[in-house]
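Participant: Dropping a structure here in structure tokens format, bear with me for questions.
The values are calculated or read from the model by the stated rules, or taken from the named source; none is laboratory data. Note that the structure is predicted; figures quoted are calculated from it, not measured. Virtual Cβ from ideal backbone geometry, glycine too; neighbours counted across all protein chains shown.
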Amino acid sequence: MPETRMMRLGIAGARRGASLLRLLANGAAVSVTVFDPLPDARAALAEEFPGVEMEETFEGLLNAGVEAIYLASPSQYHAAQAIEALRRDIHVLSEVPPAVDVDEARVLVRTARRSAATYMLAENYCYTPPNETVLALAREGAFGRLHFGEACYVGALPLARINGGGWYADWVVGVDAVTYPTHPLGPLLEWFDERIVSVSCAGSGCHTRHTLENTLVMLGRLDGGGLVQVRFDLLSRRPTELFAYGVQGTDGSYEAGRGPWDRPRVHFPRRSPPGEWEPLDPYVERYAPAALARGAPWGSPLAPALDFLEVVRTGRAPRFDVYRALDMTLPGLVSGVSLASGGEWIEVPDPRTFTDGE
């Protein structure tokens, strides 16, 4: 069997980068250079990984001979850093979201089209064993024609992050919109294999000192006529619900359950016990053995990173290219327009139609 060549990987962001380095310790054939502008972050990483090369600037990272980079930096830097790397034909794996406004999304599409390198979004929630299983069942046609999906992203952010200033306070809770849409939308849109064409969004009001309302509910109309619903809440002091997905079709339904005590389940009217749910677990063992064997903790960057390295090495198409990445993102970016207009339905641009012009 031919030996896998060593790949030169750059990482922007030491904190999240460290979590990937720990997971890559299983023998992935990469040499790593890490950029972080904060001396304390570089020092902490160097103490844990003394052999890793460090850079103090993003420009230095791009000039370090890397052929691919993993963007684990704050949200507002993702698009600009991806654009700069793609202009140098350096492959990009970007953490979510890929962009924080529509204008930079347009530039990202234009640059990705012109680059010889590959762009991929690291939407890790699509790689969990239950979500991989539902995807396989959907592609097999087990649910029939999908017509409704729902997801919750309810995860109280640590107070130190949102009250201490910085990018969490400025962007994630500093804007009244669904600012982190890809985790709930990524699996849903992959199961439907469609895009959202319009959104309507309403909120429960502000009950903290932040701009983001405590709970937002966003409805999305799909191009096939179906409907998805996302509940987004980062500020309420309550247990998290990050994986509460559901989908309904003409021939079957799925619910992920709520909380660790509530198991994922499916119902297929033609083969399930009448009026009863079946546990998803046997289907996971059948349809997602690779995801189970990977053993990566949910929310970790390992699965998309390994997928990305394989994409770069083989040249195959990425699972989430720039268009699919923005399909998950643009509904959230325009949700604030709907909120400001009292819940009016707002058209979501199709990134495939973004012009190549300057």
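Participant: Quick check on region 148-175: of everything there that is touching a strand residue (DSSP E or B) at 6+ places or on another chain (Cβ under 7 Å) and surrounded by 17 or more Cβ atoms within 10 Å (Cβ to Cβ), which residue is nearest to HIS210 (Cα to Cα)?
Facilitator: My answer is VAL154.
Participant: Still on this structure, I have one more. Could you check region 233-256 and list, in sequence order, the residues that are touching a residue at least 60 places away in the same chain (Cβ under 8 Å) and either outside the structural domain of VAL217 (by TED's automatic domain parsing) or over 26 Å from VAL172 (Cα atoms) (or both)?
Facilitator: Selection gives VAL247, GLN248, GLY249, THR250, ASP251, GLY252, SER253, TYR254.
Participant: Turning to a different aspect of this structure: Return a yes/no flag: does region 323-334 have any residue that is within 22 Å of PRO129 (Cβ to Cβ), out of contact with any Ser or Thr (no Cβ under 9 Å at 6 or more places or on another chain) and crowded, with 18+ Cβ neighbours inside 10 Å. Write out each step before concluding.
Facilitator: Here is the first cut: in region 323-334, the ones within 22 Å of PRO129 (Cβ to Cβ) are 324, 328.
If we keep only those that are out of contact with any Ser or Thr (no Cβ under 9 Å at 6 or more places or on another chain) too, we end up with 324.
Narrowing further to those that are crowded, with 18+ Cβ neighbours inside 10 Å: 324.
Yes: one or more hits.
Participant: Just checking, how many residues over region 273-290 are outside any loop (DSSP other than H, G, I, E, B) and within 16 Å of GLU140 (Cβ to Cβ)?
Facilitator: Residues flagged as outside any loop (DSSP other than H, G, I, E, B) and within 16 Å of GLU140 (Cβ to Cβ) within region 273-290 amount to 8.
Participant: Do we find that ARG263 is in contact (Cβ under 8 Å) with a residue 12 or more places away in the chain, within 21 Å of ALA122 (Cα to Cα), surrounded by fewer than 17 Cβ atoms within 10 Å (Cβ to Cβ) and not aliphatic (A, V, I, L, M) in this structure?
Facilitator: Judged against the criteria, ARG263 is not a match.
Participant: Moving on to the next point. Could you go through region 286-300 and let me know if any residue there is surrounded by 12 or more Cβ atoms within 10 Å (Cβ to Cβ), at pLDDT 95 or above, out of contact with any Cys (no Cβ under 6 Å at 6 or more places or on another chain) and not assigned by TED's automatic domain parsing to the domain that holds ALA12.
Facilitator: There is at least one residue in region 286-300 that is surrounded by 12 or more Cβ atoms within 10 Å (Cβ to Cβ), at pLDDT 95 or above, out of contact with any Cys (no Cβ under 6 Å at 6 or more places or on another chain) and not assigned by TED's automatic domain parsing to the domain that holds ALA12.
Participant: Of the conditions (1) assigned to a strand (DSSP E or B); (2) within 25 Å of the chain's Cα centre (by Cα), LEU108 fails just one. Which one is it?
Facilitator: Only one criterion is unmet by LEU108, namely (1).
Participant: Based on what the data block shows, is ARG270 exposed (fewer than 15 other Cβ atoms within 10 Å of the Cβ) and in contact (Cβ under 8 Å) with a residue 12 or more places away in the chain?
Facilitator: Yes; evaluated as a whole, the condition is true for this residue.
Participant: Let me confirm something: among ALA244, ALA293, which residue is of a type in the set (A, V, I, L, M), under 20 Å from ASN124 (Cβ atoms) and part of a loop (DSSP other than H, G, I, E, B)?
Facilitator: Exactly one residue qualifies, and that residue is ALA244.
Participant: Being touching a helix residue (DSSP H, G or I) at 6+ places or on another chain (Cβ under 8 Å) and either at negative phi or among the aliphatic types (A, V, I, L, M) (or both) is true for just one of VAL32, VAL66. Which residue is that? Even if it seems obvious, please write down each step before you answer.
Facilitator: Numbers: VAL66 fails: touching a helix residue (DSSP H, G or I) at 6+ places or on another chain (Cβ under 8 Å).
Answer to the check: VAL32.
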